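The values are calculated or read from the model by the stated rules, or taken from the named source; none is laboratory data. Since the structure is predicted, the reported quantities are computational estimates derived from the model, not experimental observations. Virtual Cβ from ideal backbone geometry, glycine too; neighbours counted across all protein chains shown.
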Amino acid sequence: MRQYVQLVQQDTGERVTTITGFSWTSLFWDAWPMLFRGDYAMFFGFFILGNIASLITLGAAGTLLHIYLGSQYNTMHIKQLLKKGYVPINEETNQKLERLGLDYNQYHADYMAKYSQRYR
């Protein structure tokens with residue numbers, strides 16, 4: 001089920017609204033939504049992997065990759081944001097993340113460990 005999730009970056013205060021559930025844009029437009037969301041490393045990885053796999057298997061692997069991206073990309077994107085120090089904006093958003101199986105405290109602890117090592 002599609003729901004909107006609002007996250008805020010702890011250091012900068014930047015707010016991001018993202019979507020949970022199936023990613024129809026990733027299903028139909030391959031890795032391009034990753035590029036538009038600023039997820040450059042994942043874009044290049046999936047774009048190159050998808051094109052090579054499609055050439056080798058005459059398109060079959062590309063179709064499977066589209067289905068995989070459609071079902072998983074929104075969750076992958078939220079995980080990336082949590083790793084970058086974004087936190088739920090309120091308790092309702094936190095509960096939505098918990099229903100998805102995403103515990104932001106786990107990612108928050110990892111972010112704080114990196115942050116504290118960087119400025120020692």
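Details
- The stretch 19-59, residues that are among the hydroxyl-bearing types (Ser, Thr, Tyr) and touching a Leu at 6+ places or on another chain (Cβ under 7 Å): Thr20, Ser23, Ser26
- Failed item, numbered, when Gly101 is tested on (1) modelled with pLDDT of 85 or more; (2) not hydroxyl-bearing (Ser, Thr, Tyr); (3) not in a helix (DSSP H, G or I): (1)
- Looking only at residues in the stretch 1-50 that are of a type outside the set (S, T, N, Q), farther than 14 Å from Asn74 by Cβ and touching a strand residue (DSSP E or B) at 6+ places or on another chain (Cβ under 8 Å), the one that is surrounded by the most Cβ atoms within 10 Å (Cβ to Cβ) is Val8.
- Among (1) touching a His at 6+ places or on another chain (Cβ under 7 Å); (2) in contact (Cβ under 8 Å) with a residue 40 or more places away in the chain, the one test that Asp30 misses: (2)
- Output for the stretch 59-98, where each listed residue is under 16 Å from the mean Cα position of the chain (by Cα) and of a type in the set (D, E, K, R): Lys79, Lys83, Lys84, Lys96, Glu98
- Elements of type strands (runs of 3 or more DSSP E) contained in the stretch 1-89, each with 3 or more residues being of a type in the set (A, V, I, L, M): 4-9
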